[in-house]
Ligand SMILES: [Zn+2]
């Protein structure tokens with residue numbers, strides 16, 4: 001998951017260009033992309049969340065202009081920008097509501113703020129939907145008309161594109177795959193954000209992996225993870241991954257269970273939209289496709305899905321790790337600006 005994306009020389013770029021801005025709690029990633037989704041210039045700036053949204057948007061717009069001038073792009077070459085930000089939000093009003101990791105940005109009209117600062121129209125989307133659009137446009141899902149992305153991080157994000165169209169929904173809550181119900185029992189785990197029981201996020205997010213591992217150790221399970229609790233340290237999903245690499249039985253069990261619940265969630269998604277491809281993004285990839293633990297994780301997801309679906313659907317659906325890593329958000333934000341600009 002490299003931070004620096006490859007850059008296309010401006011001489012090979014195709015007009016017009018689009019800005020992509022991906023706002024996170026720690027960093028804001030900003031790119032200038034050409035009409036085929038290739039990055040011409042990129043920078044990551046600190047969000048400085050506590051200083052509030054106005055100055056962050058002002059610095060973002062300044063960075064956009066710097067990127068354009070660095071590669072010699074003129075203002076008329078860049079007709080539109082795309083903006084991704086964490087929800088909850090109101091897309092119709094261009095408004096952030098109360099994102100958990102942006103506590104000083106609540107009820108901020110972020111879309112207008114960026115449009116005014118940049119003097120171009122801005123397309124506004126949920127950050128996970130932006131990442132899904134990035135993978136759809138130029139990433140793992142490039143060859144497909146539809147795609148669903150699960151981002152496995154602190155929470156479980158989701159993004160769904162059906163026949164080229166991003167599903168935003170009536171309440172700006174479309175594509176929230178992390179809040180799909182995967183456990184209907186009365187004592188199912190509580191969702192991290194909202195209080196609902198049995199949501200996928202309560203089982204397959206990094207925080208849920210850490211919580212489940214800790215609970216199991218406290219219940220007496222034998223594991224090398226115990227020494228962390230003995231040292232008064234919290235167990236993280238990274239610790240679970242590292243223990244699994246060493247063959248720790250509990251860590252492997254936790255990862256298999258994480259895959260089990262993802263397999264259930266994915267089956268529901270596939271049976272709703274039949275996208276042909278499911279992409280797994282986010283920081284918690286257990287080493288990804290090049291690591292034996294990541295491979296085991298993916299195999300366990302696929303086998304759970306196959307156990308629950310129809311044979312022709314099983315053979316006609318790929319489940320893959322994402323290819324754009326942490327850059328999918330700004331790329332997808334620019335992609336949605338591209339799509340809105342071209343009216344498709
Ligand atoms: Zn939930």
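The values are calculated or read from the model by the stated rules, or taken from the named source; none is laboratory data. Just so we're clear, the structure is a prediction, and the values are computed from it rather than from any experiment. Please note: Cβ atoms are built from the backbone with ideal geometry, for glycine as well, and neighbour counts cover all protein chains shown.
Taken over the stretch 183-207, the residue count meeting the criterion of being surrounded by 14 or more Cβ atoms within 10 Å (Cβ to Cβ) and either out of contact with any helix residue (DSSP H, G or I) (no Cβ under 8 Å at 6 or more places or on another chain) or not assigned by TED's automatic domain parsing to the domain that holds residue 241 (or both) is 2. Is the stretch 157-172 home to any residue that is under 13 Å from the mean Cα position of the chain (by Cα) and at pLDDT below 95? Yes: the stretch 157-172 contains one or more residues that are under 13 Å from the mean Cα position of the chain (by Cα) and at pLDDT below 95.
Do we have residue 298 as surrounded by 20 or more Cβ atoms within 10 Å (Cβ to Cβ) and over 30 Å from residue 76 (Cα atoms) here? So residue 298 fits the description; yes.
Of the helices (runs of 4 or more DSSP H) lying entirely inside the stretch 151-269, those containing at least 1 residues that are away from the ligand (no atom under 16 Å from the Cβ) are 206-218, 226-230, 237-245. Exactly one residue out of 336, 319 is assigned to a helix (DSSP H, G or I), in contact with a helix residue (DSSP H, G or I) (Cβ under 9 Å, 6 or more places away or on another chain) and either at pLDDT 95 or above or at negative phi (or both): that is 336. Residue pairs whose Cβ atoms lie under 8 Å apart, sitting 6 or more positions apart in sequence or on different chains, and linking a residue in the stretch 196-214 that is more than 12 Å from residue 178 (Cβ to Cβ) and touching a residue at least 12 places away in the same chain (Cβ under 8 Å) to a partner that is within 12 Å of the ligand (Cβ to nearest atom) and assigned to a helix (DSSP H, G or I), are 212/203.
Of the residues screened, residue 73 is not one that is in a helix (DSSP H, G or I) and either under 19 Å from residue 101 (Cα atoms) or in contact with a helix residue (DSSP H, G or I) (Cβ under 8 Å, 6 or more places away or on another chain) (or both).
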